[in-house]
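The values are calculated or read from the model by the stated rules, or taken from the named source; none is laboratory data. Just so you know, these numbers come straight off a predicted model, no measurement behind them. Counting neighbours? That spans all protein chains shown, and the Cβs are built from the backbone with ideal geometry, glycine included. Heads up: the accessible areas ignore ligands, DNA and RNA and are worked out on the full protein's heavy atoms, side chains in. Shrake-Rupley method; radii C 1.70, N 1.55, O 1.52, S 1.80 Å.
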Amino acid sequence: MKMGVVMPERLVDINGLPLKTITKTTEGLHIGALATNSDVADHSLVLQDYPLLSLAINAGASPQLRNMATVGGNMMQRTRCNYFFDTAMPCNKRSPGSGCGALTGYNRMHALFGASDQCIAVNPSDMNVAMVALDAVVHVKGPKGERKIKFADFHRLPGDHPEKDNTLERGELIMAVDLPAAAQAFNRHVHYLKIRDRSSYAFALISVAAALNVDGTTITDARLAMGGVAHKPWRLHTAEVFLKGKTVGDEVFRQAAQMAMQGAKAYKYNQFKLTMAPNAIVQALKMASA
Ligand SMILES: Cc1cc2nc3c(=O)[nH]c(=O)nc-3n(C[C@H](O)[C@H](O)[C@H](O)COP(=O)(O)OP(=O)(O)OC[C@H]3O[C@@H](n4cnc5c(N)ncnc54)[C@H](O)[C@@H]3O)c2cc1C
Ligand code: SF4
């Protein structure tokens with residue numbers, strides 16, 4: 001709003017709504033949309049049962065920002081593409097039909113997967129990467145009633161409508177996010193690796209959320225997702241399936257990373273991500289398995 005990127009006619013303060021609580025349920029953990037990033041990351045049940053989420057949130061922003069930022073707000077934050085924020089430049093996300101400044105511009109921070117010729121921006125959130133890896137479910141409420149959306153389906157790829165970041169409909173509010181009890185199996189071998197231009201207060205060039213279930217040296221299950229590579233948090237299903245039943249080790253991790261990178265497409269200034277991303281996956285898996 002300060003930069004004139006969006007000019008809403010009306011603002012609604014939702015801070016008074018009773019959506020701040022974090023409660024254990026029979027199905028897992030229920031996190032209100034107004035719980036702050038700090039409250040979630042420091043919560044004893046999150047630290048105990050879903051430590052991957054805590055690591056991802058704490059890799060984002062700064063302590064001051066995390067004290068203010070909410071779950072709903074973090075999910076809804078828009079891309080950090082410089083052309084989106086520069087109102088003198090074309091941007092299909094800000095102004096549909098105006099073109100994409102980044103496509104032939106300085107696209108160092110941009111996508112490797114799922115982009116379109118309309119938009120190559122990435123979703124900037126760290127929290128979202130862990131949420132998608134943990135199979136979270138979003139509760140929303142709107143004029144037509146309540147519905148649940150799988151976290152993986154909440155954010156969308158740009159296609160021909162990059163102005164739409166997600167599948168929330170007009171008038172809908174995020175009420176809560178649920179973490180399923182099944183994801184508690186990934187409470188031991190986890191790592192969130194974030195590669196950025198400086199160690200604090202910077203968005204991810206590449207991030208990897210890795211969670212393994214390990215029996216002895218055998219990987220019995222795996223969860224893997226990447227940030228900084230797509231218009232939505234990018235789950236690495238093929239690599240997860242490959243890892244299941246394999247023995248922990250560098251070569252297996254390298255093969256998983258290669259699989260995860262299939263279909264990657266870089267632009268002029270983000271070619272380095274084609275090397276950085278698989279290396280980050282291997283490193284995150286090593287750290288998670290340690
Ligand atoms: C300098 C800086 C660095 C940052 N670095 C990182 C980082 O490295 N990693 C990271 O993940 N994040 C980062 N952030 C983002 C930050 O963590 C916040 O998540 C983000 O700014 C949103 O904050 P908020 O909760 O105050 O949302 P707001 O700014 O209040 O809202 C953001 C949007 O979400 C909408 N919204 C909010 N709540 C709901 C709801 N319940 N239902 C529907 N819509 C809703 C609002 O209408 C608005 O459009 C950074 C932010 C800044 C300013
Ligand atoms: S990448 Fe997307 S957000 Fe960036 S300029 Fe192009 S259309 Fe706009």
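Pop a pseudo-label 7 angstrom from the Cα along the beta-carbon direction at both residue 98 and residue 247 and give the gap in nm to one decimal.
About 5.7 nm separates the two model spin labels.
Each residue of the range 3-13 in order: what ³J(HN,Hα) in whole Hz does its phi give by Karplus 6.51 cos²θ - 1.76 cosθ + 1.60, θ = phi - 60°, with x for Gly and Pro?
9, x, 6, 10, 9, x, 6, 8, 10, 10, 7
For a paramagnetic label modelled at 7 Å from the Cα of residue 173 toward its Cβ, which residues of the range 59-86 fall within the zone defined by backbone nitrogen distances under 14 Å?
Within reach of a label on residue 173, which here means backbone N under 14 Å from a point 7 Å along Cα→Cβ, the range 59-86 contributes 72-73.
Compute a Gaussian network model of the chain, connecting alpha carbons closer than 10 Å, and tell me which residue from 196, 108, 170 fluctuates the most.
It is 170.
For the chain, what relative contact order do you get, as a whole percent, if you take Cα pairs closer than 8 Å and at least 6 residues apart?
Computed value for the chain: 19 percent relative contact order.
Over the range 1-96, one equal point on each Cα, no solvent: what is log10 I(q)/I(0) by the Debye formula at q = 0.18 Å⁻¹?
-0.92
Residues with amide H under 5 Å of residue 176's amide H, sequence separation 5 or more or different chain, H placed in the peptide plane at 1.01 Å from N; which?
Correct list: 33, 139.
Pull out the extension gain between residue 258 and residue 202, defined as 0.36 nm times the separation in residues minus the alpha carbon to alpha carbon distance; nm, one decimal.
17.5 nm
Measuring from a point 7 Å past the Cα of residue 6 along Cα-to-C-beta, which residues in the range 192-231 have an amide N at less than 19 Å?
Zone members listed by number: 231.
For residue 232, go through the lysines and keep the ones whose alpha-carbon is under 19 Å away, minus same-chain ones fewer than eight residues off.
93, 148, 150, 164, 194, 265, 273
What is the gain in length, in nm to one decimal, between residue 269 and residue 184 on full extension, counting 0.36 nm per residue of separation less the C-alpha to C-alpha distance?
The residue 269-residue 184 span can extend by a further 26.7 nm.
Which value in deg cm²/dmol, rounded to the nearest 500, describes the helix-derived mean residue ellipticity at 222 nm for the chain, given -39,500 (n - 2.57) per DSSP H run of n ≥ 4 and division by the residue count?
Value at 222 nm, helices only, nearest 500: -7500 deg cm²/dmol.
Starting from the Kirkwood Rh over alpha-carbon pairs, what translational D in µm² s⁻¹ does the range 195-290 have by Stokes-Einstein at 10 °C and 1.306 mPa s?
Stokes-Einstein gives a translational diffusion coefficient of 116 µm²/s.
Between residue 14 and residue 76, with labels modelled 7 Å along Cα→Cβ, what's the label distance in nm to one decimal, could you check?
0.4 nm
Based on Cβ point charges of +1 for Lys and Arg and -1 for Asp and Glu, what charge dipole magnitude is obtained for the chain about its Cα centre, in debye rounded to the nearest 20?
With only Lys, Arg, Asp and Glu charged at Cβ, the dipole is about 480 debye.
Enter the accessible area of residue 201 (Å², nearest 10), with the probe set to 1.4 Å and all protein chains included.
About 130 Å², rounded to the nearest 10.
Once R0 is set to 45 Å, what does the formula 1/(1 + (r/R0)^6) return for the Cβ-Cβ distance between residue 21 and residue 87, expressed as a FRET efficiency to the nearest 0.05?
0.70
Can you give me the orientation-averaged projected area of the convex hull built on the Cα atoms of the chain, in nm²?
Averaged projected area of the chain's Cα convex hull equals 15.1 nm².
Any chance you could run the full-extension gain for residue 47 through residue 146? It's 0.36 nm times the residue separation minus the Cα-Cα distance, nm to one decimal.
Fully extending the segment from residue 47 to residue 146 adds 32.7 nm.
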